[in-house]
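Here the structure is laid out as structure tokens; the discussion comes afterwards.
The values are calculated or read from the model by the stated rules, or taken from the named source; none is laboratory data. A quick note: this is a predicted structure, and the numbers were derived from the prediction, not measured. Positions of Cβ are backbone-derived with ideal geometry, glycine not excepted, and every protein chain shown enters the neighbour counts. Surface areas here come from the heavy atoms of the whole protein model, side chains and all, with no ligands, DNA or RNA. Shrake-Rupley method; radii C 1.70, N 1.55, O 1.52, S 1.80 Å.
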There are 2 protein chains.
Amino acid sequence: MIHYKAIGKIMGALLMLFSLLMLPGVGFSFYYGSGDHIPLIISGSASFLIGVILFFSFAKQDKNIRKREGYLIVTTSWLLMSFFGMLPYLLSGTATSISDAIFETVSGLTTTGASIFPDVESLPKGILFWRSMTHWIGGLGIIVLTVAIFPLLGIGGIELFVAESPGPTSDKLHPRIRETAKRLWYIYLGLTVVCTILFELGGMTFFDAINHAMAAMATGGFSTKNTSLAFYDSAFIDYTAILFMFLAGTNFTVIYFGLTGKFDRVWKSDEFKAYTGAILAFAFFLTVPIYFYSGHDLEKAFRDTLFQVVSLITTTGFITADYTQYSSGLTLVFFMLLFLGACAGSTAGGIKFVRHLAFFKNSWLEFKRIVHPRAVVPLKINGDRVTGKIITHIMNFLLIYLMIFVTGSVIISLMGYDILTSFGAVATCLGNVGPGIGKVGPVDNFAFFDPFSKVFLSFLMLLGRLELFTILVLFTPYFWRAN
Amino acid sequence: MIHYKAIGKIMGALLMLFSLLMLPGVGFSFYYGSGDHIPLIISGSASFLIGVILFFSFAKQDKNIRKREGYLIVTTSWLLMSFFGMLPYLLSGTATSISDAIFETVSGLTTTGASIFPDVESLPKGILFWRSMTHWIGGLGIIVLTVAIFPLLGIGGIELFVAESPGPTSDKLHPRIRETAKRLWYIYLGLTVVCTILFELGGMTFFDAINHAMAAMATGGFSTKNTSLAFYDSAFIDYTAILFMFLAGTNFTVIYFGLTGKFDRVWKSDEFKAYTGAILAFAFFLTVPIYFYSGHDLEKAFRDTLFQVVSLITTTGFITADYTQYSSGLTLVFFMLLFLGACAGSTAGGIKFVRHLAFFKNSWLEFKRIVHPRAVVPLKINGDRVTGKIITHIMNFLLIYLMIFVTGSVIISLMGYDILTSFGAVATCLGNVGPGIGKVGPVDNFAFFDPFSKVFLSFLMLLGRLELFTILVLFTPYFWRAN
């Protein structure tokens, strides 16, 4: 028996909260006189009303939430938010079809940042703010998920690396998960505020600053400018964005340790070291060829390289230079970056470094196991031993991820798109990045896809955002048969 | 201490045997008066001489061969055969550079079948026969490896599925590995003879028949015609080739059971069922679009589809129709087939179905494990339980394989080739198939690559042929430090 009533109650609470987050857009609409307050008010009211009805219909029930309800709650939350989140686009007429509205909303909530709008600067301000807000909600949602819910559900094998592992350690982030979530939320909010201020200091209007700050902290990538951050052509803004994308891609527990001065704990995180190391390595090695190809001075070449590397690795998708313009080899390198993902427990999508780390370390150990077949050769991450069950789970995750990438690319290419465009669209949607290669390169958009492909790509965004298993398990008989 | 002398003795014996296999080419050279007997005689003599010297220098030593010598013997064998195997090309002047000669020889010995000769019909007959012979030697070598050597080395996690697993079962193929190897060799030789006869009945000359039969049984793909088997445009030859490619891609133990009437044992092989099922499924589903795209009648469309599917899945690479001519979606589907590989214990290269099967079955079970975290959920193949260690090993193999594919593609694309060509060349070389996509499609050849890329692609062929770990382990400190 699945406790649907318990799910209904939580969905009600979620929709009420969700509707409140539509209000700031109404404010901006009035302030700028952009005339799009009505669609936002109607959408918010609808969401609030359904939320109230759901919540109070099931208010009295007090069944426990178990794992199975957990999976359904996570998937249903994202679906419901996508449904109510697309209403402003449809009611305002900015999205001219349901598939467009679905794509843009899911792209926002999953912090992907791929867009069907060729000219975002023409969008009314209230809608534009709502668009950035979907990023920010999605980023917040994923922090709550990774800290409070995924560890309980055992999704993706990284539950142990996301929050502090339970057990008799005295220096845990905080014993109670609710308190932990609150702290992470303060970090998320605080960093967004600081980022907004810095963007304003860099010359953005308050509106552009807050929009870009929300997109950066959510590792989303929606911009209020058609040319993304290339519009500003400002070293200060570029480096600010690099810093905040980097932070948004860091495990928030590690940021907490950093803020409270526990640098030894920061340095104990193998994932953080791999993440930082990879960014620096790619930035330095790619600066050389990009310096020659672009003809820019060394600082600009390095900044462009670092920006694009951080933007793709953190799955943000802001753009200051077209990384597909140099050569096919460099395009392929940047395409590879779509498969990295930043840290678990951050707002980044994609595979995550902890999984790559587990794969690389285990591969190396496999050779030791071949040469010494009787030796016990354990895999360690962050100094802790990782069980065989989790190694298997992580490697299985990686293979399923790649299989979905391949299958998805075949499906998109069978819809009539060329192979590179199919690879690019699927990789960037599944990894929640934004820009891809082929016809969905960094200066392109997704408007030209047919409705089926748009909905299918939206599904891939959700699949990637919820770490595959959360959604896929709903398609197995084990889930529905379990007691 | 590595027992280098024991390795030397075995290498000596190998080279003597290898040199004898150059003789038939001399015969064809004389018969056709093609004038290329001198290069073959010199090459054969050199190989024989070095073999004799090595063998008798170390004839008296009787150290045991252990695992570590095993790895070195396997890799060194393929390297030595590649070295002496390329002499005929160089001495005859048919290959105009060392990188060309390396590529063609390694492509032959690894049963890949990618070629740098744009016009094979102009090659002298002795050299042409030697070219097919390298396939046949490679196929034979891999049968010996998978039956007799890999199970002892524990390579790739499939050792249990290749030969009969050791243990107290009464119906083993044969208790002694030497006897087993002999039987498999009779099957290999017998099928080659039958295939030659059938090709002759289909209208080929004896020379063309034996060359194509050797290439088919080795799942190689070198043809004596520029347009491969499309030259004959014969349903009889096509179906004959399909049958023998299919058999060559089957686990030879399963063929043995089939020949001795033990069909229940054939049917017990999950890999054989998956292999057969996948071929039929792809052939049937792809026939429909190819029927419409090609404009051929249904029989021809089905035959072309089945032929190309079997040719790619078995990693042979014979061609009767250009599978990249239809649409980008179908091209991508055929490209995917490059990653299947046929059965373990066959002459096919690539990943092998048993590994895909382990991945798919385990993925499905992972969901059961998520829903029932405390349950013991074992993976079974062929009715036998597969240990967690082997599952990890197999999934790690798959991930390393894909990582090498990606890294290899980046390297080739950085040499200045477009992305699809890079993907195609690396996938087809690593998988020992032959044709790829992009500029190395089924009607193209590898002549245009620069020397570095040719040598690098040759290295990938060896890496794929020897199941990655055999070669890679030599690059780890564990191997050289072990006692």
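Being open to solvent by 20 Å² or more (accessible area, probe 1.4 Å), under 28 Å from B:Leu474 (Cα atoms) and among the hydroxyl-bearing types (Ser, Thr, Tyr) is true for just one of B:Ser57, B:Ser45. Which residue is that? Unique residue meeting the criteria: B:Ser57. Between A:Lys389, A:Lys368, the distinction of being open to solvent by 20 Å² or more (accessible area, probe 1.4 Å), more than 30 Å from B:Thr324 (Cα to Cα), touching a Phe, Trp or Tyr at 6+ places or on another chain (Cβ under 7 Å) and within 10 Å of chain B (Cβ to nearest Cβ) belongs to A:Lys368 only.
Scanning the range B:336-365 for residues that are surrounded by fewer than 18 Cβ atoms within 10 Å (Cβ to Cβ) and touching a Leu at 6+ places or on another chain (Cβ under 6 Å) yields a total of 1.
Scanning for something within 27 Å of B:Phe318 (Cβ to Cβ) and not in a helix (DSSP H, G or I), does the range B:123-139 turn up at least one residue? Looking through the range B:123-139, at least one residue is within 27 Å of B:Phe318 (Cβ to Cβ) and not in a helix (DSSP H, G or I). Which residues, taken from the range A:356-365, are more than 8 Å from chain B (Cβ to nearest Cβ) and either within 21 Å of A:Ile471 (Cα to Cα) or small (Gly, Ala, Ser) (or both)? Hit for the range A:356-365 is A:Ala358, nothing else. Within the range A:371-383, the residues that satisfy the criterion of being open to solvent by 30 Å² or more (accessible area, probe 1.4 Å) and either at pLDDT 90 or above or within 14 Å of chain B (Cβ to nearest Cβ) (or both) are A:His372, A:Pro373, A:Arg374, A:Ala375, A:Val376, A:Pro378, A:Lys380. I'd like to check something: does the range A:395-409 contain any residue that is over 24 Å from B:Tyr401 (Cβ atoms), among the hydroxyl-bearing types (Ser, Thr, Tyr), without any contact (Cβ under 8 Å) to a residue 60 or more places away in the chain and surrounded by fewer than 24 Cβ atoms within 10 Å (Cβ to Cβ)? Within the range A:395-409 (the criterion being over 24 Å from B:Tyr401 (Cβ atoms), among the hydroxyl-bearing types (Ser, Thr, Tyr), without any contact (Cβ under 8 Å) to a residue 60 or more places away in the chain and surrounded by fewer than 24 Cβ atoms within 10 Å (Cβ to Cβ)), the answer is no, since none of the residues qualifies. You will find that of B:Ala209, B:Ala213, B:Ala181, the residue that is in contact with a Cys (Cβ under 9 Å, 6 or more places away or on another chain), surrounded by fewer than 24 Cβ atoms within 10 Å (Cβ to Cβ) and part of a helix (DSSP H, G or I) is B:Ala209 and no other.
A Cβ distance below 6 Å, combined with a sequence gap of six or more or placement on separate chains, defines the contacts here; from the range A:328-341, residues that are without any contact (Cβ under 8 Å) to a residue 24 or more places away in the chain reach residues that are part of a loop (DSSP other than H, G, I, E, B) in the pairs A:Ser328/B:Asp418. Checking each residue in the range B:440-455 for being in contact with a Phe, Trp or Tyr (Cβ under 8 Å, 6 or more places away or on another chain), assigned to a helix (DSSP H, G or I) and not polar (S, T, N, Q) picks out B:Val440, B:Lys454, B:Val455. Scanning the range A:410-439 for residues that are at the interface with chain B (Cβ under 8 Å from one of its Cβ atoms), farther than 18 Å from A:Thr331 by Cα and either of a type outside the set (A, V, I, L, M) or assigned to a helix (DSSP H, G or I) (or both) turns up A:Val410, A:Ser413, A:Leu414, A:Gly416, A:Tyr417.
Looking across the range B:470-483 at every residue that is touching a residue at least 12 places away in the same chain (Cβ under 8 Å) and touching a helix residue (DSSP H, G or I) at 6+ places or on another chain (Cβ under 6 Å), the one that is farthest from B:Phe339 (Cα to Cα) is identified as B:Ala482. For the range A:392-409, the tally of residues that are more than 9 Å from chain B (Cβ to nearest Cβ) and not β-branched (Val, Ile, Thr) stands at 3.
Looking only at the range B:228-271, count every residue that is surrounded by fewer than 24 Cβ atoms within 10 Å (Cβ to Cβ), within 15 Å of B:Thr347 (Cα to Cα), among the aromatic types (Phe, Trp, Tyr) and modelled with pLDDT under 95 and tell me the total. Counting residues in the range B:228-271 that are surrounded by fewer than 24 Cβ atoms within 10 Å (Cβ to Cβ), within 15 Å of B:Thr347 (Cα to Cα), among the aromatic types (Phe, Trp, Tyr) and modelled with pLDDT under 95 gives 1.
If the condition is being part of a helix (DSSP H, G or I) and more than 15 Å from A:Phe459 (Cβ to Cβ), then the range A:82-99 contributes A:Phe84, A:Gly85, A:Leu87, A:Pro88, A:Tyr89, A:Leu90, A:Leu91, A:Ser92. Candidates in the range A:440-483 are the residues that are surrounded by fewer than 19 Cβ atoms within 10 Å (Cβ to Cβ) and at pLDDT 95 or above; of these, the one that is farthest from the other protein chains (Cβ to nearest Cβ) is A:Ala447. When B:Phe367, B:Phe339 are checked against the criterion of being farther than 17 Å from B:Lys273 by Cα and over 20 Å from the mean Cα position of the chain (by Cα), a single residue qualifies: B:Phe367. Of everything in the range A:283-326, what is closer than 30 Å to A:Gly138 by Cβ, among the aliphatic types (A, V, I, L, M) and either touching a residue at least 40 places away in the same chain (Cβ under 8 Å) or open to solvent by 40 Å² or more (accessible area, probe 1.4 Å) (or both)? Give them in sequence order. A:Leu286, A:Leu306, A:Val310, A:Leu312, A:Ile313, A:Ile319, A:Ala321, listed by residue number. On the basis of being more than 25 Å from A:Leu357 (Cβ to Cβ) and either touching a residue at least 60 places away in the same chain (Cβ under 8 Å) or not hydrophobic (A, V, I, L, M, F, W, C) (or both), does A:Leu457 make the cut? Yes. With respect to the conditions (1) away from chain A (no Cβ under 14 Å); (2) under 26 Å from A:Ser422 (Cα atoms), B:Val333 lacks only one, and its number is (1). The helices (runs of 4 or more DSSP H) found wholly in the range B:217-313 and carrying at least 3 residues that are closer than 22 Å to B:Val193 by Cβ occupy B:235-248, B:252-259.
Do the conditions hold for B:Ser122, that is, is it open to solvent by 10 Å² or more (accessible area, probe 1.4 Å) and either hydrophobic (A, V, I, L, M, F, W, C) or within 27 Å of B:Tyr31 (Cα to Cα) (or both)? Judged against the criteria, B:Ser122 is a match. Please find, among B:Leu332, B:Leu420, B:Leu414, the residue that is modelled with pLDDT of 95 or more and open to solvent by less than 20 Å² (accessible area, probe 1.4 Å). Among B:Leu332, B:Leu420, B:Leu414, only B:Leu332 is modelled with pLDDT of 95 or more and open to solvent by less than 20 Å² (accessible area, probe 1.4 Å).
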